[in-house]
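The values are calculated or read from the model by the stated rules, or taken from the named source; none is laboratory data. This one's a predicted model, so the numbers in the text were calculated from it and none came from an experiment. Glycine gets a Cβ as well: all are built from the backbone with ideal geometry, and neighbour counts include every protein chain shown. Keep in mind that these areas ignore ligands, DNA and RNA; they rest on the heavy atoms of the full protein, side chains included. Shrake-Rupley method; radii C 1.70, N 1.55, O 1.52, S 1.80 Å.
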Amino acid sequence: MATIISIQNIAQYEGQEVTLRGWVYNRTDKGKLQFIQMRDGTGIAQCVAFKKDMDESQFEVAGKLTQESSVIITGSVRKDERAPGIPGGFEVGIKTLELIQMADEYPITPKDHGVEFLMDNRHLWLRSSRQWAIIRIRATIISAMRNWLDNDGYMLVDTPIITPSAGEDSTSLFELDYYEEKAYLAQTGQLYNEANMAAFGKVYSFGPTFRAEKSKTRRHLMEFWMLEPEMAFFSLEDLMDMEQRFISHVVQTVLDKHQAELKILERDTSSLERVLPPFPRISYDECVERLNKLSDEATDPEQKQLLHIDWGTDFGSPHETAVAEMFDKPVFVYNFPSVFKAFYMQPVEGRPEVCRSVDLLAPEGYGEVTGGSERISDSALIEKQVKKMGLGREAYAWYLDLRRYGSVPHAGFGIGLERTVAWICGLPHIRETIPYARFMNRKYP
Ligand code: 4AD
Ligand code: MG
């Protein structure tokens, strides 16, 4: 019996007889030779069916294999520099071929398809090598984030999806009928993280979050995954120090492990290689000043208008891109105006119109990938802020308790997984960063 192997390990089996189980990615017919590109989920290997080496009926089947047919192939591994594949450089000379299922005509072929067609066939599109590369990098980003935190004394504590109140703002809530009472899908795990922080010190949550945003941009999903650390006795400066180490670890781990995938994505990795601490830090005030200076100097009227910003308004994506372009690394923007930031953010002392908040902007136009702040720890102030949300105090009673029983200065942030995947993979649109994207106009498949 030959050993059943994963294609990613094929190099270890040179000269040996192995069994591969998987799907036909592609096939080239050369008469007495059939070149079968076989994928098994871990890689792609070239398998060669040669008439003289095989049982006649099996060779016949090889010559009929359709794209995505499922097969079990046994043969010997030989080194061949020219053999295509992932990792490539080895091919399998087929001895036996067992057909599991001859696939119907496959809807996705190597020709160009429209994006909506591909999204309708997302359950199949995931098998193509570009999607495969993205989702593998996504998995590594998740494990790199979690490993770094687990090794640095943070503890994973889960937070609920069904919640009685808004976690972030009251405008983008998905409402549920919860046994005849209103409930909402979580926009964030943060408020619960704050309770968990007081119980365990340094915590994080990681789960799906929901925003009923009426935006159809290339950066917004209605359902996205967010990882949120929350730390007792952390200041805004502590938060930025921690975030830059955390983000750098994630990016460097992907560079270490996924050169093959990044190559499939044609990602220029030079800007990722620079993602090492320290990251530059710039205040919102200074951004506004610099953006308006750029706007004044711009000769193109459209550019002039896009770059202009009135103090007190949130950045649009042209502003984020322009700020990021001032630096060659991700950049922290801190002390935003309170008017457009969340209710729980700590006002700056002596200047309550701005808050101790920080967003991390990724380079190359990827914009905000993390958002965080110091939290209000004063009981009276948080009470006032909760009232502004207009969803009723009762639903927040437990949250207000946190300021009554051993309130401490604390801070945390949230990182959007899909935006991080888009940035690291260099993707123009967020739809490919999650296996099954949810948009205003899409919940299928
Ligand atoms: O800036 P946001 O809204 O912050 C929070 O929810 C805080 N409670 C986090 C915290 O401090 N614990 O969201 C955080 C990040 C954003 O920077 C962005 O990367 C991502 O979540 N994000 C989205 N990603 C995809 N689609 C959307 N609609 C997103 N909204 C936010
Ligand atoms: Mg934000």
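Could you work out the mean projected area of the convex hull around the alpha carbons of segment 148-217, in square nanometres to one decimal? Intermediate values should be presented prior to the final figure.
Details: hull surface 24.1 nm².
Over all viewing directions, segment 148-217 projects a mean Cα-hull area of 6.0 nm².
How would K32, K52 line up by accessible area, probe 1.4 Å, largest first? Spell out each step's value before the answer.
Numbers: K32 135, K52 170 Å².
Of K32, K52, the descending order of accessible area is K52, K32.
Ignoring ligands, DNA and RNA, what percent of the accessible area of segment 3-101 is carbon or sulfur (1.4 Å)? Write out the running numbers ahead of the final one.
Values: 2290 of 4930 Å².
Exposed carbon and sulfur together represent 47 percent of the surface.
Compute the projected area of the convex hull of the Cα atoms of segment 281-324, averaged over all viewing directions, and report it in nm² to one decimal place.
Across all orientations, segment 281-324 yields a mean hull projection of 2.8 nm².
Give the carbon-plus-sulfur fraction of the accessible surface of segment 347-424 in %, rounded to a whole number; probe 1.4 Å, heavy atoms of protein chains only.
On segment 347-424, the fraction of accessible area on carbon and sulfur atoms equals 52 percent.
Order the peptides 184-196, 202-214 from the highest to the lowest mean number of other Cβ atoms within 10 Å of their residues.
184-196, 202-214
Can you tell me what share of the DSSP beta bridges in segment 1-117 is antiparallel? A percent to the nearest 5 is fine.
Around 85 percent antiparallel, to the nearest 5.
Over all alpha-carbon pairs of segment 360-429, lay out the pair-distance distribution in 10 Å bins, whole %, shortest bin first.
Computed distribution, short to long bins: 18, 32, 22, 22, 6.
Which GluC sites (Glu not before Pro) in segment 70-126 sit in a loop by DSSP (not H, G, I, E or B) and have at most 12 other Cβ atoms within 10 Å of their own Cβ? Mind dumping the intermediate values first?
On the way: sites: E81, E91, E98, E105, E116; in loops: E81, E105.
The qualifying sites are E81, E105.
Could I get the Rg over Rh figure for segment 273-348? Both from C-alpha atoms, Rh via Kirkwood, rounded to two places.
1.00
Please pull out the direction-averaged projected area of segment 3-101, using the convex hull of its alpha-carbon atoms, in nm² to one decimal place.
So the mean shadow area of the Cα hull is 5.3 nm².
Using only helices, what value at 222 nm comes out for the chain when you add -39,500 (n - 2.57) per DSSP H run of length 4 or more and divide by the total residues, to the nearest 500 deg cm²/dmol?
Roughly -9000 deg cm²/dmol at 222 nm, from the helical runs in the chain.
On each of the three principal axes of the Cα atoms of segment 158-282, give max minus min coordinate, whole Å, ordered largest first.
Principal extents (largest minus smallest coordinate, Cα): 54, 38, 29 Å.
What accessible area, in Å² to the nearest ten, does a 1.4 Å probe give for F224?
Answer for F224: close to 30 Å² accessible.
Could you state the per residue volume, in Å³, of the convex hull enclosing the Cα atoms of the chain?
Details: hull volume 82.3 nm³, N = 445.
Hull volume normalised by residue count: 185 Å³.
How large is the accessible surface per residue of the chain, computed with a 1.4 Å probe and reported in Å² as a whole number? Mind showing how you got there, number by number?
On the way: 21070 Å² over 445 residues.
Dividing the accessible area of the chain by its residue count gives 47 Å².
Kirkwood Rh, Cα Rg: Rg to Rh for segment 216-325?
Across segment 216-325, the Cα-based Rg/Rh ratio is 1.03.
Taking 0.36 nm per residue of sequence separation and subtracting the Cα-Cα distance, how much length would be gained by fully extending the chain between W398 and D238, in nm to one decimal? Please report the intermediate quantities before stating the final value.
Working: separation 160, 0.36 × 160 = 57.60 nm, distance 2.68 nm.
Length gained, W398 through D238: 54.9 nm.
Please tell me the relative contact order of segment 3-101 in percent, rounded to the nearest whole number, where contacts are Cα pairs under 8 Å and at least six residues apart.
RCO, segment 3-101: 32 percent.
With contacts defined as alpha carbon pairs under 8 Å and 6 or more residues apart, what's the relative contact order of segment 161-232 in percent?
On the way: 123 pairs, mean separation 22.1, N = 72.
RCO, segment 161-232: 31 percent.
Using a 1.4 Å probe, how large is the accessible area of H220, given in Å² and rounded to the nearest 10?
50 Å²
Just E364, E17, E320 to compare: in a GNM of the chain, with alpha carbon springs under 10 Å, which one fluctuates most?
It is E17.
Once you've got the Cα coordinates, tell me which of K52/K263; K293/K329; K293/K388; K257/K341; K263/K443 are over 25 Å apart.
Cα-Cα > 25 Å for K52/K263; K293/K388; K257/K341; K263/K443; rest within.
Residue by residue through segment 140-148, which ³J(HN,Hα) values in whole Hz follow from phi under the Karplus form 6.51 cos²θ - 1.76 cosθ + 1.60 (θ = phi - 60°), with glycine and proline marked x?
5, 4, 4, 5, 5, 5, 5, 4, 4
For segment 100-178 and segment 368-445, what is the separation of their C-alpha centers, rounded to whole Å?
19 Å
For K95, enumerate residues with amide H under 5 Å from its amide H, sequence gap 5+ or separate chain, H modeled in the peptide plane.
Amide H to amide H, under 5 Å and 5 or more residues apart or across chains, K95 pairs with T74, G75, S76.
Which whole-percent values make up P(r) of segment 103-226 when all C-alpha to C-alpha distances are grouped in 5 Å steps starting at zero?
Percent of pairs per bin, in order: 2, 9, 13, 15, 15, 14, 13, 9, 6, 3, 1, 0.
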